[in-house]
Amino acid sequence: MSTYKAFIAKDGNRFQVSVCWDDNDPNRFITAPFPLEPSDDLDNQLGRAGYRLVSNDSDNIGRGWAFVSRMATDRPFYDPVEQTWRSSLSDDAKQRIRAKFPDASVPGVA
């Protein structure tokens, strides 16, 4: 299973959530930020975007991040160069990701 980080940012009285392929950079997102009300269920909102909540042992909204995985388990790996979902990342794909984003922390790429 490949997990991704969902960043939760406060936006006035509401929140915005985005799922990122780079654990260290919330600007490298897979899912563009979408609004979340403080009373919304984070798990349901992420489910609408195609993800399931993996880290659910505390208040993820208050913490500011959560780990998620893709609901479509047949294609869990995101390729940021091709901007597609894959069943696995080949060595060539990993090299292209490393070449284009040398400082990124990419799930599934050592």
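The values are calculated or read from the model by the stated rules, or taken from the named source; none is laboratory data. Keep in mind that what you see is a predicted model, and the values were worked out from it rather than measured. FYI the Cβ positions are ideal-geometry reconstructions off the backbone, even for glycines, and counts take in every protein chain you see. We work out accessible area using only protein heavy atoms, side chains counted, and drop any ligands, DNA or RNA first. Shrake-Rupley method; radii C 1.70, N 1.55, O 1.52, S 1.80 Å.
Some observations on this one:
- Selection within region 74-102 - surrounded by 13 or more Cβ atoms within 10 Å (Cβ to Cβ) and acidic (Asp, Glu): Asp79
- Qualifying residue in region 80-88 (condition: in a loop (DSSP other than H, G, I, E, B), acidic (Asp, Glu), within 17 Å of Ala104 (Cα to Cα) and modelled with pLDDT of 90 or more): yes
- Residue list for region 55-101, filter: among the hydroxyl-bearing types (Ser, Thr, Tyr), within 16 Å of Asp43 (Cα to Cα) and over 16 Å from the mean Cα position of the chain (by Cα): Ser58
- Residue match in region 35-46 (condition: of a type in the set (A, V, I, L, M, F, W, C), open to solvent by 30 Å² or more (accessible area, probe 1.4 Å) and part of a strand (DSSP E or B)): no
- Of all residues in region 23-32, those satisfying the criterion of being open to solvent by less than 70 Å² (accessible area, probe 1.4 Å) and at pLDDT 90 or above are Arg28, Ile30, Thr31.
- In region 58-71, the qualifying residues are those that are of a type in the set (A, V, I, L, M) and in contact with a Phe, Trp or Tyr (Cβ under 7 Å, 6 or more places away or on another chain), and the one that is farthest from Ala6 (Cα to Cα) is Met71.
- Criterion applied to Arg63, Arg48, Arg52, Arg86 was being under 24 Å from Gly12 (Cα atoms) and either touching a strand residue (DSSP E or B) at 6+ places or on another chain (Cβ under 8 Å) or hydroxyl-bearing (Ser, Thr, Tyr) (or both), and the one residue passing it is Arg63.
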